[in-house]
Amino acid sequence: MKYLSSILLFISISICSQIMEDTLNEIKKVFPESISITHSKYKISEEFAKTIQNNIKQKFFRPEVNLWIITNKDSLKYYGVLDNVKGKSMPITFLAIFNHSAAIYHSAIIKYREPYGGEIKNRNWLNQFIAYTDSSKYKIGDDISGITGATISVHSVTKGIRKLTYLIKEIIKYNE
């Protein structure tokens, strides 16, 4: 039993480190000339999490998110937030990068674990969120395109990104 626990711990750490590496690679792809990229974990206060969750109707996967602060060559700051949402049966790990004005600059699906619905990784679909903020409309079918065969994933990721648009203002305020 102890041997099995050790193996499971090793696998879990390996998967987690691969996701972190993939996220950093995505950030570097978006900001090839960045001056600095720093990583930390941002703990979401229980009260603020409840407010966001009640508004969006989606829970945070964990009480914290991974946060990268990116400074580009023009000394502008960007904030990368890695979060998970529940797909049909497995988590979907996604990255949202925000500019200093709390608008989405870039988004990416880092790890998609479902057998169907992977079309949400498509760059054209993800580009719909560029410049979205907490006051943008996120109505699927009107403002956000749906994807046949990926209905649950579309709804989950859309809510997840919207959830982060509320959180990012708090993150920016905390990091000023």
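The values are calculated or read from the model by the stated rules, or taken from the named source; none is laboratory data. Fair warning: this is a prediction, and the values are worked out from it, not measured in the lab. We place every Cβ from the backbone using ideal geometry, glycine too, and count neighbours over all the protein chains shown.
All but one of (1) closer than 24 Å to residue 53 by Cβ; (2) in contact (Cβ under 8 Å) with a residue 12 or more places away in the chain hold for residue 118; which doesn't?
Going through (1) closer than 24 Å to residue 53 by Cβ; (2) in contact (Cβ under 8 Å) with a residue 12 or more places away in the chain one by one, residue 118 breaks only (1).
What is the residue count in the range 52-76 for residues that are outside any loop (DSSP other than H, G, I, E, B) and free of Cβ contacts under 8 Å to residues at least 24 places away in the same chain?
2
Tally the residues that are surrounded by 15 or more Cβ atoms within 10 Å (Cβ to Cβ) and at pLDDT 90 or above, restricting the search to the range 120-151.
In the first step, residues of the range 120-151 are kept if they are surrounded by 15 or more Cβ atoms within 10 Å (Cβ to Cβ); the result is 120-121, 125-126, 128-129, 132-134, 136, 138, 144, 147, 150.
Of the ones still in play, those that are also at pLDDT 90 or above are 120-121, 125-126, 128-129, 132-134, 136, 138, 144.
The total comes to 12.
One line per residue, one yes/no per condition, for (1) closer than 21 Å to residue 20 by Cα; (2) over 17 Å from the mean Cα position of the chain (by Cα); (3) of a type outside the set (Lys, Arg):
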position: 91; (1), (2), (3): yes, no, yes
position: 97; (1), (2), (3): yes, no, yes
position: 105; (1), (2), (3): yes, no, yes
position: 113; (1), (2), (3): yes, no, no
position: 119; (1), (2), (3): no, no, yes
position: 127; (1), (2), (3): no, no, yes
position: 139; (1), (2), (3): no, yes, no
position: 142; (1), (2), (3): no, yes, yes
position: 146; (1), (2), (3): no, yes, yes
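How many of the residues making up the range 31-47 are closer than 26 Å to residue 153 by Cβ and either at pLDDT below 95 or assigned to a strand (DSSP E or B) (or both)?
2
Pick from the range 109-119 the residues that are of a type outside the set (Ser, Thr, Tyr) and surrounded by fewer than 21 Cβ atoms within 10 Å (Cβ to Cβ): which of them is nearest to residue 163 (Cα to Cα)?
Among residues in the range 109-119 that are of a type outside the set (Ser, Thr, Tyr) and surrounded by fewer than 21 Cβ atoms within 10 Å (Cβ to Cβ), the one nearest to residue 163 (Cα to Cα) is 109.
Can you tell me which residues in the range 139-168 are part of a loop (DSSP other than H, G, I, E, B) and in contact with a strand residue (DSSP E or B) (Cβ under 6 Å, 6 or more places away or on another chain)?
Selection gives 146 alone.
Touching a residue at least 24 places away in the same chain (Cβ under 8 Å) and surrounded by fewer than 19 Cβ atoms within 10 Å (Cβ to Cβ): is that true of residue 175 in this structure?
yes
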